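Accompanying notes for the structure given below.
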Amino acid sequence: MTTLAVARAVLRGAFGANRGRTLVATLSIALGVALGYAIGTVNRAAIAEFTQGVATLSGAADLVVRGPADGFDEGVFVRIARMPAIAAASPIVEVDARLPSHDDTLQILGVDAFRAASVTPSLVGRGATALDLLRGDRAFLSPAALASLGRAVGDTLDVQAGTGLATFVIAGTLDAPAGRRVGVVDIAAAQERFGRLGRVSRIDVRLTPGADAETVRASIATLLPAGVVVARPDETAAMASRMTRAYRVNLDVLALVALFTGSLLVFSTQALAVVRRRAQFALLRTLGLTRRQLIALLLAEGAALGVAGATLGIAAGHVLASLVLRVFGADLGAGYFRGEAPALAFSPTSAALFATLGVLAAIAGAWLPALEAARASPAAAIKAGDDESAFRGMASSRPGIACLVAALAIVALPPVGGLPVFGYGAIASMLVGTLLLMPRLARALLVRMPRPRRPGVALALDSLRAAPGQATVSLAAIVAAVALAVSMAIMVASFRDSLAAWLDRMLPADVYLRAGGASSSGWLDPDERRAIASLPGVRQAEFMRVLRITVRDDEPGVALLARDLDRANAADRIALIGDPVSVAAGQPPAAWVSEAYADRFRASPGATILLPIGGRPIAFTVAGLWRDYARQTGAVIIARDAYVRLTGDDRVNDAALWLAPGASADAVRAAVDARFGKDRLTFATPGEIRAVSLAVFDRTFAVTYALEAVAIAIGLVGLSASFGALALARRREFGVLRHLGMTRRQIGAMLAAEGAMVSSVGLVVGLVLGGAISLVLVHVVNRQSFRWSMDLHVPWAQLAAFSLALLALATLTALASARRATAGDTVAAVREDW
Amino acid sequence: MIRLAGLSRTFPGPPPRPLFAGLDLHVAHGEFVAILGESGSGKSTLLNLIAGLDVPDAGSVVVDGVALSALDDDGRTRFRRERVGFVFQAFHVLPYLTVAQNVALPLALNGVSNAEGDPRVAALLDAVGLGDRAANRPRELSGGELQRVAIARALVHAPAVVLADEPTGNLDPRTAASIVALLRDTVKRHEATVVLVTHSRAAAAVADRVLELRADGLVPAPPA
């Protein structure tokens, strides 16, 4: 018999004898691989679609000049077009058109068809007659836009313009990317109908052959007003990718966590299987198998699990990705890629990457048990009956303490490339450190448990106290799953609680009206503003202009919120963090910046910042920091009267209304509808906004909850499989106890008690570890990933219910394992070799 | 003390294999009976029937005045807990308990308090020569010492009957001789009735009476 044949026989024996645990370990690896592959595939599909969209819509443009959401002076276009190195320039007006009776918007681009033809031909519509391209009442829609709106060529398209309607006839289609929802109209019509006269949003530029793009870019930059930037088209896509990176990385980390849990289950499976086969391995070693061969054999076992899990995982991942795209969308419900409908493609690179990770995770799980098996002295190990000695190698507390110290040392380090690398590292160190300390922690907790009076239960405690190694090995996966579930629960509760408190503070009025967002086609002009303020039942009205401005060329834009507010009492309206700073006379006017803005641009209270407003850099004094959960890239609040003075733009997007005593919101809603037409303005009470916001929040975290539930389920199944294996291995012990007078029920109770005690240990450690990890999630990972701060809120009732449910499930699991193990003739087991 | 009448047991197949039929046995109070037999002759099954771990196909088992056929599984378990002690070939002491805890196990199962039980455990450990090993774990003991622990455990709750299944099977001849001698001395001191099944004629030699189990029943064993 060759060594290979021996290996095959050992592997067959191992998998055959541990079918349940082998299956659980394989499935857990499959799950980790599936999640990683699915999340990666969905993200890549979204980014690829977005990049392709940018590329197609930029056409042959070498450079793109882009300004704030409300556009910039079209005179800039004239100056650029005249530059000698410019072969062609195409001005574009971009509008997010509100659609009556639709929740979402349609991006409408106003283009000069003749200029667009030589720079961005995909923006030139294809219709029955070329003349339609010049007609102000004609629109061309991408196939995706036609499909989503349920329209066809020849139909009409109504979009909101201010508080009125602009009607276009759909004259043809566009060669836009398959999933992109976009429409094109004549630029003059767009300027006129959407209140952008004399303004453009972007200019696509094609250079003359041989012109150096960087030189021309620098020349163009000198012509641009503040807040208008020039960039290569690929930089736009890269910026979008960067904006969503933190979110994507967080999801990737969740997938890796699933893989880590899988690795722990492989560890449990292999550790227990190795212990069970100590005598067999000792025999093989005695017969001439080298340590190295034994390690290779056991790592091959782990790798076999990994290969099976990875194969299954990639197939499941592909199915999962298509389901996720269909149910949650390309951003898993987070709202980054609205308007994109990406197609799913199999990625061999990604599949290979995650399959390799799956196999490596399984090998890593098999590593320690393999080393232990190889280290064991064959002479000692061949004498069965002292399995616990296999776990003595895990008794040293130094590696565990070292991991915890390392976690403390790195947790407060700043982010790397906008990612909380050290935060994640600290969490991983805390997890690994705690798991390494588990035997000691378990012993410490078990020693402190009072000795029960009932002999069966006392025996259970004696058994665990004397041999905590095997039990804690089975607990590794459940401790990790509990810790992560608890930490996520605390983080999500903290986030939700803080969001609810923030909403309460940000929504002091009785009623809110919205005509449209930053680049929307909806707005209110001064007459309409005055009409709203004087509606019957309205006691007070405050208005806000919302814009998107570019503070730095290489950074995504930030929101500028020009609000009616009393400077002296700004804290009443803004969710300020810390005390406001008073702005002295002679200082630049006040601006209140969000945490994200402060982090990105290092703006602290009292500092002077420059904001591009009306094409000029305007100085403001940072009068305070505020918490903003609505805009991840940052926001700045300034007084609206200052904004109007600087720009002459007296239009607004939003209104906050305080009702007169006795007035009802419904009456005001009816008055608004009567004045502006039904559904022209979005009308909401704070309660409605709060409910919708929290529903969106819950939907966003639905994926997280699902992953948590899966992790817990896997942990429990793993625990059950381990209990089952341990119980089966103790059949002779149960046989002896039956001889000595224990009933089956007493043995069942003993095992249930063991299950409850072991699970309590896992639960206590998991809860404490989860609490510690939640601090890192709340104060480091979220802060550094999304720049959101939040107040810690521990959902005690939820955690208590979770703990009781888990304890009950684990106890039932142990009881079921005991039933299986004590079924049949345990008495006969006494006669088997001990 | 032990009365078996018309006892039959067939080992369920396939094919079914009759072990014995119409077997009778009477063991008096305090008597030490050894039963010899070939492998597969049904010696251990006979012990299981006496202990209430198995039920006969026909016949009756009365131990210490209790007819086991009248008891359900829980009843037989309680009977065993209170009135039977076991010594096994492979010792079967629990590896996670100390020597003293192993010996005290039947007391704990019978609800005897530590205050009452500890002196009995100590006395029995002294009696089997392990008074100084009470706190040791089983892995620290030799085979002979482990069997002494098993003997102490079998007697600690003062059972009426001790059943010993090949107690010297895992021991060298010298240790085996000392163990059976110890078993005999100890059970005699505790006035327990003993049924010992074994292959070993040397082990059986210490018994008051030696029987042989054959297909046609129990017969006095011929002298060695």
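Would a scan of region A:785-796 turn up a residue that is part of a helix (DSSP H, G or I), in contact (Cβ under 8 Å) with a residue 40 or more places away in the chain, closer than 30 Å to A:Val416 by Cβ and not acidic (Asp, Glu)? Break it down stepwise before answering.
As a first pass, look at region A:785-796 and keep what is part of a helix (DSSP H, G or I): A:785-786, A:796.
The next check asks that each one be in contact (Cβ under 8 Å) with a residue 40 or more places away in the chain; those that pass are A:785-786.
Cutting the leftovers down to closer than 30 Å to A:Val416 by Cβ gives us A:785-786.
Those still in the list that are not acidic (Asp, Glu) too: A:785-786.
Among the residues of region A:785-796, at least one is part of a helix (DSSP H, G or I), in contact (Cβ under 8 Å) with a residue 40 or more places away in the chain, closer than 30 Å to A:Val416 by Cβ and not acidic (Asp, Glu), which makes the answer yes.
Inside region A:121-148, residues that are closer than 25 Å to A:Leu197 by Cβ, part of a helix (DSSP H, G or I) and either out of contact with any Lys or Arg (no Cβ under 8 Å at 6 or more places or on another chain) or of a type in the set (Gly, Ala, Ser) (or both) make up a count of 4.
Residue by residue, here is whether (1) surrounded by fewer than 23 Cβ atoms within 10 Å (Cβ to Cβ); (2) polar (S, T, N, Q); (3) over 15 Å from A:His102 (Cβ atoms) holds:
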{"site": "A:Leu141", "(1), (2), (3)": "no, no, no"}
{"site": "A:Ala144", "(1), (2), (3)": "yes, no, no"}
{"site": "A:Gly150", "(1), (2), (3)": "yes, no, no"}
{"site": "A:Val153", "(1), (2), (3)": "yes, no, yes"}
{"site": "A:Gly162", "(1), (2), (3)": "yes, no, yes"}
{"site": "A:Leu165", "(1), (2), (3)": "yes, no, no"}
{"site": "A:Leu174", "(1), (2), (3)": "no, no, yes"}
{"site": "A:Arg181", "(1), (2), (3)": "no, no, no"}
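Figure legend. Inter-residue proximity from region A:528-542: first residues under 10 Å from A:Leu657 (Cα atoms), second residues of a type in the set (Phe, Trp, Tyr), beta-carbon distance below 9 Å, spacing 6+ or different chains. Indicated pairs: A:Ile532/A:Phe543; A:Ile532/A:Phe676; A:Ala533/A:Phe543; A:Val538/A:Trp658; A:Arg539/A:Trp658; A:Gln540/A:Trp658; A:Ala541/A:Trp658; A:Glu542/A:Trp658. Residue-level analysis places B:Asp185 among those that are without any contact (Cβ under 8 Å) to a residue 12 or more places away in the chain and within 16 Å of the chain's Cα centre (by Cα).
Inside region B:180-203, residues that are buried (at least 24 other Cβ atoms within 10 Å of the Cβ) and part of a helix (DSSP H, G or I) make up a count of 4.
Just a yes or no: is a residue in region A:57-76 of a type outside the set (Lys, Arg), modelled with pLDDT of 90 or more and in a helix (DSSP H, G or I)? Looking for residues that are of a type outside the set (Lys, Arg), modelled with pLDDT of 90 or more and in a helix (DSSP H, G or I), one finds at least one in region A:57-76, hence yes.
Looking only at region A:213-237, count how many residues are in contact with a helix residue (DSSP H, G or I) (Cβ under 7 Å, 6 or more places away or on another chain) and among the hydroxyl-bearing types (Ser, Thr, Tyr). Residues flagged as in contact with a helix residue (DSSP H, G or I) (Cβ under 7 Å, 6 or more places away or on another chain) and among the hydroxyl-bearing types (Ser, Thr, Tyr) within region A:213-237 amount to 1. One residue alone among B:Ser44, B:Ser39 is closer than 23 Å to B:Thr198 by Cα, at the interface with another protein chain (Cβ under 9 Å from one of its Cβ atoms) and polar (S, T, N, Q), and that residue is B:Ser44. State whether one or more residues within region A:661-673 are β-branched (Val, Ile, Thr), over 30 Å from A:Ser101 (Cβ atoms) and surrounded by 19 or more Cβ atoms within 10 Å (Cβ to Cβ). No, every residue in region A:661-673 fails to be β-branched (Val, Ile, Thr), over 30 Å from A:Ser101 (Cβ atoms) and surrounded by 19 or more Cβ atoms within 10 Å (Cβ to Cβ). Here is a check on your reading of the model: is A:Val781 more than 14 Å from chain B (Cβ to nearest Cβ), buried (at least 18 other Cβ atoms within 10 Å of the Cβ), modelled with pLDDT of 85 or more and more than 17 Å from A:Ala471 (Cα to Cα)? Yes. Take the residues of region B:67-93 that are crowded, with 20+ Cβ neighbours inside 10 Å, at pLDDT below 85 and facing chain A (nearest Cβ under 7 Å): which is nearest to B:Gly143 (Cα to Cα)? If we take residues in region B:67-93 being crowded, with 20+ Cβ neighbours inside 10 Å, at pLDDT below 85 and facing chain A (nearest Cβ under 7 Å), then B:Ala90 is nearest to B:Gly143 (Cα to Cα). Here A:Trp502 fulfils each of the conditions (1) touching a helix residue (DSSP H, G or I) at 6+ places or on another chain (Cβ under 9 Å); (2) hydrophobic (A, V, I, L, M, F, W, C); (3) closer than 30 Å to A:Val538 by Cβ apart from (1).
Before we move on, is A:Gly423 surrounded by 19 or more Cβ atoms within 10 Å (Cβ to Cβ) and either within 14 Å of chain B (Cβ to nearest Cβ) or modelled with pLDDT of 85 or more (or both)? Reasoning before the result, please.
Numbers: surrounded by 19 or more Cβ atoms within 10 Å (Cβ to Cβ): yes; either within 14 Å of chain B (Cβ to nearest Cβ) or modelled with pLDDT of 85 or more (or both): yes.
Taking the combined requirement at face value, the residue satisfies it.
Hey, among the residues in region B:94-115 that are more than 9 Å from chain A (Cβ to nearest Cβ) and without any contact (Cβ under 8 Å) to a residue 24 or more places away in the chain, which one's surrounded by the fewest Cβ atoms within 10 Å (Cβ to Cβ)? If we take residues in region B:94-115 being more than 9 Å from chain A (Cβ to nearest Cβ) and without any contact (Cβ under 8 Å) to a residue 24 or more places away in the chain, then B:Ala115 is surrounded by the fewest Cβ atoms within 10 Å (Cβ to Cβ).
Only residues that are among the hydrophobic types (A, V, I, L, M, F, W, C) and under 15 Å from B:Val156 (Cα atoms): list them for region B:85-104, please. First the steps, then the outcome.
Of region B:85-104, the ones among the hydrophobic types (A, V, I, L, M, F, W, C) are B:86-88, B:90-91, B:93-94, B:97, B:99-100, B:103-104.
Answer for region B:85-104, where residues must be among the hydrophobic types (A, V, I, L, M, F, W, C) and under 15 Å from B:Val156 (Cα atoms): B:Phe86, B:Val87, B:Val93, B:Val99, B:Ala100, B:Val103, B:Ala104.
Suppose we filter B:Arg184, B:Arg201, B:Arg148, B:Arg209 for residues that are at pLDDT 85 or above, under 14 Å from B:Phe91 (Cα atoms) and more than 13 Å from chain A (Cβ to nearest Cβ); which single one remains?
Numbers: B:Arg184 fails: under 14 Å from B:Phe91 (Cα atoms); B:Arg201 fails: under 14 Å from B:Phe91 (Cα atoms); B:Arg209 fails: under 14 Å from B:Phe91 (Cα atoms).
On inspection, the qualifying residue turns out to be B:Arg148.
Condition test on B:Phe11, is it in contact with a His (Cβ under 7 Å, 6 or more places away or on another chain) and either closer than 24 Å to B:Ala108 by Cα or within 12 Å of chain A (Cβ to nearest Cβ) (or both)? Considered against the rule, which asks whether it is in contact with a His (Cβ under 7 Å, 6 or more places away or on another chain) and either closer than 24 Å to B:Ala108 by Cα or within 12 Å of chain A (Cβ to nearest Cβ) (or both), B:Phe11 comes out as no.
Evaluated against (1) under 12 Å from B:Val87 (Cβ atoms); (2) more than 14 Å from chain A (Cβ to nearest Cβ); (3) not in a helix (DSSP H, G or I), B:Pro159 falls short on exactly one condition, (2).
The test for being outside any helix (DSSP H, G or I), more than 14 Å from every other protein chain (Cβ to nearest Cβ) and either among the acidic types (Asp, Glu) or surrounded by fewer than 16 Cβ atoms within 10 Å (Cβ to Cβ) (or both) does not hold for A:Ala444.
Would you pick out the residues in region A:581-593 that are surrounded by fewer than 20 Cβ atoms within 10 Å (Cβ to Cβ) and either touching a residue at least 12 places away in the same chain (Cβ under 8 Å) or within 15 Å of A:Trp502 (Cα to Cα) (or both)? Walk me through how you get there before you give the answer.
Pass one, region A:581-593, residues surrounded by fewer than 20 Cβ atoms within 10 Å (Cβ to Cβ): A:581-589.
Once the filter is applied, which keeps residues that are surrounded by fewer than 20 Cβ atoms within 10 Å (Cβ to Cβ) and either touching a residue at least 12 places away in the same chain (Cβ under 8 Å) or within 15 Å of A:Trp502 (Cα to Cα) (or both), region A:581-593 yields A:Val581, A:Ser582, A:Val583, A:Gln587, A:Pro588, A:Pro589.
Take B:Leu25 and decide whether it is more than 21 Å from B:Ile151 (Cβ to Cβ) and within 14 Å of chain A (Cβ to nearest Cβ).
On the way: more than 21 Å from B:Ile151 (Cβ to Cβ): yes; within 14 Å of chain A (Cβ to nearest Cβ): no.
When the stated conditions are applied, B:Leu25 does not pass them.
The values are calculated or read from the model by the stated rules, or taken from the named source; none is laboratory data. Small disclaimer: the values here were computed from a predicted structure and weren't measured. Because the Cβ atoms are built from the backbone with ideal geometry, glycine has one as well, and the counts that use them run over all protein chains shown.
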